[in-house]
Amino acid sequence: MQKTFAFLALVATVFADVTLHEARAPREGWSVTNQAVDLSQHIRINIGMKRQNVDMLHAFVRKVSDPESSSYGQYMTQKQLANMIAPSQEAVDVVLRWLKAADIEGRVDFHKDYIHFVAPLSKIESLLSVKFAMYKHVKGGRQVARAIEAVVVPDAVAQVAEVVTGTQGFPLPTNGPTRVKRGHFDAGMAPEVTPDVIRASYNITTTAASTKNIQAIAEFQGQYVDTTDLSKFCTQYDNGAQCKVAKFIHQNNPGQPGIESSLDIEYIMSIAKGVETWVYSYPNFDFCSDLLTWASDITASGSGTHPSVVSMSYGSQKLDFCPAASMTRLNEDVAKFGAIGITSVIASGDSGSGQYSREGYNGGKLCPSFPASINYCLAIGATTFISGSSGEEQATTQFGSGGGFSWNFKADSFAHAGVDGYFKELTAKGKTPSLQFEKTGRQSPDVSLLGQGFHVINGGQNIQVGGTSASTPTWSGIISLLNNHRFAQGKPAFGYINPWIYSVPETCFHDITVGTNAISPNTIGWAAEKGWDAATGRGTPNCPCLLSHAGSAPAPGPSPPTPPGPPAPPSPP
């Protein structure tokens with residue numbers, strides 16, 4: 001008891017404030033305006049607490065995701081995960097008292113690793129020693145209130161928290177999936193891609209939907225789902241099927257349907273028929289902070305009911321678009337998904353090799369897309385038909401399918417053989433890119449799928465669009481079908497699926513050897529070659545082969561032992 005009182009007394013001591021995050025320059029294209037800021041406006045702030053046993057978390061996820069491991073599929077419960085990573089209650093109380101002193105109520109997640117609050121800008125300015133200003137983009141449109149100064153917190157808070165997000169981040173560019181205009185592209189007419197075309201191309205057989213199976217999409221930046229559009233799409237392309245979203249998490253405004261959200265919901269549901277589907281929505285226009293909000297929401301309740309597959313079609317190929325601390329944090333967040341049996345599927349981007357991104361030039365470096373470049377997601381590239389709307393495929397031609405090697409995360413060991421073989425092939429043919437890239441970085445994409453000419457119902461209209469954001473929900477639906485098969489055999493969902501993806505035979509993929517992601521404005525890029533490559537990954541799915549190997553993947557053995565709880569707080573000096 002004496003030590004506890006001493007610890008609390010220490011916390012109550014007034015410490016010198018410290019900089020938790022350095023000041024950041026406005027994103028390219030954004031500049032400050034003279035418009036007054038409405039300081040009564042409320043925004044959400046995420047405080048990421050320092051977790052315990054992070055190395056153990058990574059090791060655990062790798063172990064239970066390795067098909068050769070005796071622990072394969074032995075996921076944790078939410079409570080076990082909390083026991084492993086949660087900071088001490090004393091650490092949480094430090095932050096809660098700091099917020100309470102500012103008349104702010106904090107909400108603590110189940111794992112105690114996030115504390116969130118919503119407050120007016122006036123209180124946030126005082127709390128974090130920042131000053132909000134209005135910013136606008138050179139192309140016009142939305143204006144946003146941002147504080148790009150250094151984020152300053154008391155030393156006691158800095159000792160227990162590692163990220164505070166919500167003040168510095170800017171929106172992604174407004175352009176979403178590539179809208180197809182017939183005859184506009186040099187490659188000629190767009191292919192006609194519908195759910196039936198996809199099913200025929202990959203020999204997809206619908207598996208009986210399991211009551212255990214849930215899939216989800218994540219939407220950002222004011223992209224909403226119009227259930228009327230969804231119903232019309234399913235009626236037209238799915239033999240009159242009635243597609244209904246089971247759950248919306250956060251705001252949805254069906255009167256403002258986005259092309260991206262229409263594409264995501266229509267294709268994940270048309271491929272994985274009958275699987276319960278949720279929509280996570282984040283219209284805050286602070287992409288880097290919203291990523292952490294999304295990741296914490298997936299596991300925040302501590303419930304055993306959560307999606308088995310989560311599809312995301314957003315990202316940036318601008319180097320360091322998000323702060324390094326937030327990127328590392330998100331990688332850990334998605335590792336948590338793998339620990340409890342959730343597969344994260346993320347689009348690999350539409351800026352090719354990333355020499356030039358949608359947000360600007362990368363200074364002579366090739367840059368894959370974040371967050372597809374984190375280790376614990378399946379990164380999805382895009383292909384198109386070489387001719388017409390069937391037959392052999394090649395790398396996309398209407399945009400560059402994103403890929404390459406991360407500057408922030410290391411390559412996965414199970415992918416080394418494929419990556420080494422790729423570089424040998426490039427060297428032998430003299431195709432190694434002349435610009436800078438990180439050869440030892442996390443490789444992307446992992447796999448690919450058709451991504452041009454997708455028919456979508458948006459705002460009641462039938463349009464055609466393309467992007468890795470078309471490939472991603474489609475692959476997510478395929479994984480849901482594989483999970484149906486596993487559930488029917490009494491096995492768990494795939495969770496962190498990448499080690500399995502790289503372990504199955506080459507015959508489970510249609511290898512793509514034609515094309516490149518050096519599509520204008522990118523003049524340098526990655527060529528599609530035999531085996532894994534940085535434009536199309538291992539290739540497109542051979543679904544009967546994947547289904548047969550999904551069934552042969554072992555069932556879990558005994559439940560893992562309960563992980564250790566957080567250590568006691570240190571005694572004061």
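Modelled this way, with points 7 Å down the Cα-to-C-beta line, the labels at His42 and Ser122 are 1.5 nm from one another. From the Cα gyration tensor of region 378-529, with a ≥ b ≥ c the square roots of its eigenvalues, which class applies: rounded if a/c is under 1.5, or else prolate if a/b is larger than b/c, or else oblate? Cα axes put region 378-529 in the oblate bin. Between 0 and 90 degrees, the angle of helix 468-488 with respect to the longest Cα principal axis of the chain falls at about 90 degrees.
Net charge in the neighbourhood of Lys136 (other residues with Cβ under 13 Å of its Cβ; Lys, Arg +1, Asp, Glu -1) is +4.
In this structure, the pairs whose alpha-carbon distance is over 21 Å, taken from Lys318/Lys365; Lys136/Lys318; Lys318/Lys410; Lys247/Lys491; Lys232/Lys273, are Lys247/Lys491.
The distance between label points at Thr77 and Ala324 comes to 4.0 nm (points 7 Å beyond Cα on the Cα→Cβ vector). Taking each residue as 0.36 nm, the span from Phe423 to Ser387 lengthens on full extension beyond its C-alpha to C-alpha distance by 10.1 nm. Dipole size of the chain about its Cα centre, with +1 on Lys/Arg Cβ and -1 on Asp/Glu Cβ: approximately 260 debye, rounded to the nearest 20. Which entry in (1) 147; (2) 232; (3) 185 matches volume of the Cα convex hull per residue in Å³ derived from the coordinates of this structure? Looking at volume of the Cα convex hull per residue in Å³ for this model, the match is (1). For the chain, Cys367, Cys377, Cys543 have no disulfide-compatible partner, since no other Cys C-beta lies under 4.7 Å from theirs. For the chain, the share of accessible area belonging to carbon and sulfur comes to 52 percent (1.4 Å probe, ligands and nucleic acids excluded). Compared with the alpha-carbon gap, the fully stretched path from Ser552 to Ala200 is longer by 124.3 nm at 0.36 nm per residue. Calculated FRET efficiency, Glu192 to Ser69, Cβ-Cβ distance, R0 = 56 Å: about 0.80 to the nearest 0.05. Summed over qualifying helices (DSSP H, 4 residues or more, each -39500 (n - 2.57)) and divided by its residue number, the chain shows a 222 nm mean residue ellipticity of -9000 deg cm²/dmol.
Calculated accessible area for the chain comes out at 38 Å² per residue, all protein chains present (probe 1.4 Å; ligands, DNA, RNA ignored).
The values are calculated or read from the model by the stated rules, or taken from the named source; none is laboratory data. No experiment lies behind these values; they were computed from the predicted model shown. All Cβ positions, glycine included, derive from the backbone under ideal geometry; neighbour counts span all protein chains shown. Accessible surface areas use protein heavy atoms only, side chains included; no ligands, DNA or RNA. Shrake-Rupley method; radii C 1.70, N 1.55, O 1.52, S 1.80 Å.
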